[in-house]
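Below is one structure, written out as structure tokens; the observations come after it.
The values are calculated or read from the model by the stated rules, or taken from the named source; none is laboratory data. Note that the structure is a prediction, hence the values are computed from the model and not measured. Cβ placement follows ideal geometry from the backbone for every residue including glycine, while neighbour counts extend to all protein chains displayed. Ligands, DNA and RNA are stripped out before the accessible areas are found, and what is left, the full protein with its side chains, is counted by its heavy atoms. Shrake-Rupley method; radii C 1.70, N 1.55, O 1.52, S 1.80 Å.
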Amino acid sequence: MSMSDETLYPIAVLIDELKNDDIQLRLNSIRRLSTIARALGEERTRRELIPFLSENNDEDDEVLLAMAEELGVFIPHVGGVDHAHVLLPPLETFCTVEETSVRDKAVESLCKIGSQMRESGLVEYFIPLVKRLAVGEWFTARVSACGLFHIPYQSASEILRTELRSIYSQLCRDDMPMVRRSASSNIGKVAEAVEYAHLMADIMPIFEDLTKDDQDSVRLLAVESCAALGKLLQPQDCLTRILPLIVNFSQDKSWRVRYMVANQLYELCEAVGPEHTRTELVPAYVRLLRDNEAEVRIAAAGKVTKFCRILNPDLALQHILPCVKELSLDSSQHVRSALASVIMGMAPVFGKDATLEQLLPIFLSLLKDEFPDVRLNIISKLDQVNQVIGIDLLSQSLLPAIVELAEDRHWRVRLAIIEYIPLLASQLGVGFFDDKLGALCMQWLQDKVHSVREAAANNLKRLAEEFGPDWAVHHIIPQVLEKINNPHYLYRMTVLNAISLLAPVMGSEITCSKLLPVVVASAKDRVPNIKFNVAKVLESIFHLVDHPIVENTIRPCLVELSEDPDVDVRYFSNQALQAIDHVMMSVDRDV
């Protein structure tokens, strides 16, 4: 529909759609609110459309969510920021509904609108809205209010600021845990808005109370706020007010809180600075690495490399390495997997000698882990260790793990290791690859699972790109082409797929002399699937060869296939012939 048609679309019909029983019609109408507004004009939008939306009693959360999102960008349609306040009433209503996603979107839209409103509008309309929500009878209104205080605070008078801080303080002590949770998660935004003196005198005492809340869901959100508050405080204040809280959280009775500390550890370290991390937070981190709960150890293990970068190598060797050794033997495979995904990054931190002496045995133990995810995580990050100790030492223990993964009974594991082969090839070098991994790459071409065979063919293309056509013509092409005689047609199809992928890398000469004859010979295959794949391959490679080859070899082959009894073979052959004709006509026109 053109823009003029949209403008003429009857407004009454669109408003009727908002009342329709069909949810899809109502959603479509909400998404066209900007069209309605443009057609009505700014004044009628303010006078008719917005009040209608305020009174709309739609009970479907999806419709309310869409409406809350639309209103967030509606300021241009009501006459600009001078009239932005007319959008507040419907959003205020949405802030009180039961569905969390609708409330969150309404708060987000109110923040967008409030950040554009003039100071007078914020004082006259926005602050009263925040106050009404903050004393709402239902907890939903009070939850929403917590996310709005930071918007009007700096536009408020000193008396209003004092009142806003007082109201926020009451919300932080609300009887409902959901309200305290919202206050806890938003306290960082409020702290950023208030003056430093009030941050220390009013906000920090409230925050310290939240960190001692009897609900772990409130305390774990306070952990996230620690990092935000720490960045706002002066270094000495951060040390005396935030650091003790982090240390206490790391010993919290709830594993969820300890998990949050482990997950946020790097951000918390940034807040207190490297010096105090080394002296104060190392014992806390060691406790988390040795926590009773596997989930906490998983989160802590995932941060081990980042944490070690903050420390000097001696401290890391002395305090963190013993924990890493324990984690590499952890009873939970998920802990070992989390460690394996980051441990390789410790090599540059420790340096060559310590890596050889201390880390390499841990790598080897994880490379032999019974769970494939652990082994794959190690192999995927080998380049970090290779840069430190060199591939000779690494490759001696690497090969057995790769071979084991290559033959794993789970096809997804075999598929995953194929993805890493080009990376390994570039790291290990052509000599090691030829000796040890070449046979594996050919073996995958005859895997029982199609996805593995497909990945294996693509892998050969990437290897040819890595090592060059001269290497590929001796080490890949002969082994691939000899498999065209395999009695199983699915494996013969894999060879054709590999040829179509390799041809652009190998270039015209090798394609004509080595690859094309095999493809043309396969046109005589007794299986129709092979024959129509021959047509597809010829269509994909004809532009790589000279015109005489196309006319004397490729076209006759396709013409013969176009007369095949099988309908699919005829279809793909004719499609390939049309593609050739199209290209040839373009060339003739250019000439």
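A few comments on the model shown:
- Residue count for the stretch 507-530, restricted to those that are buried (at least 22 other Cβ atoms within 10 Å of the Cβ) and in contact (Cβ under 8 Å) with a residue 40 or more places away in the chain: 0
- Scan of the stretch 132-176 for residues that are under 35 Å from the mean Cα position of the chain (by Cα), in a loop (DSSP other than H, G, I, E, B) and aromatic (Phe, Trp, Tyr), ordered by number: 149
- Restricting 305, 277 to those that are touching a helix residue (DSSP H, G or I) at 6+ places or on another chain (Cβ under 8 Å), touching a residue at least 40 places away in the same chain (Cβ under 8 Å) and of a type in the set (S, T, N, Q) reduces the list to 305.
- Within the stretch 497-508, the set of residues being of a type outside the set (Val, Ile, Thr) and assigned to a helix (DSSP H, G or I) comprises 497, 498, 500, 501, 502, 503, 504, 506, 508.
- Looking only at residues in the stretch 449-487 that are free of Cβ contacts under 8 Å to residues at least 12 places away in the same chain and open to solvent by 40 Å² or more (accessible area, probe 1.4 Å), the one that is farthest from residue 526 (Cα to Cα) is 470.
- Put simply, of 63, 102 the only residue that is in contact with a Leu (Cβ under 8 Å, 6 or more places away or on another chain), at pLDDT below 85 and within 27 Å of residue 25 (Cβ to Cβ) is 63.
- Complete set of residues in the stretch 85-113 that are crowded, with 23+ Cβ neighbours inside 10 Å and among the small types (Gly, Ala, Ser): 106, 109
- Looking only at the stretch 114-131, and only at residues there that are hydrophobic (A, V, I, L, M, F, W, C) and open to solvent by 10 Å² or more (accessible area, probe 1.4 Å), the one that is nearest to residue 65 (Cα to Cα): 117
- Residue 51 being open to solvent by 40 Å² or more (accessible area, probe 1.4 Å) and assigned to a helix (DSSP H, G or I): yes
- Residues located in the stretch 25-39, provided they are more than 16 Å from residue 78 (Cα to Cα), open to solvent by 40 Å² or more (accessible area, probe 1.4 Å) and in contact with a Leu (Cβ under 8 Å, 6 or more places away or on another chain): none
- Listed by first and then second residue, the pairs with beta-carbon distance under 9 Å, at least 6 apart or on different chains, first residue in the stretch 537-553 and at pLDDT 85 or above, second outside any helix (DSSP H, G or I), are 538/523; 544/507; 553/545.
- When residue 74 is tested against the conditions (1) modelled with pLDDT of 85 or more; (2) open to solvent by less than 50 Å² (accessible area, probe 1.4 Å), the lone failure is (1).
- Applying the condition of being β-branched (Val, Ile, Thr) and under 29 Å from the mean Cα position of the chain (by Cα) to the stretch 442-500 and asking which residue is farthest from residue 417 (Cα to Cα) yields 449.
- All positions within the stretch 577-591 that are polar (S, T, N, Q) and either at pLDDT 85 or above or in contact with a Ser or Thr (Cβ under 7 Å, 6 or more places away or on another chain) (or both): 578
- The sole residue among 192, 224 that is assigned to a helix (DSSP H, G or I) and either open to solvent by less than 40 Å² (accessible area, probe 1.4 Å) or farther than 27 Å from residue 289 by Cβ (or both) is 192.
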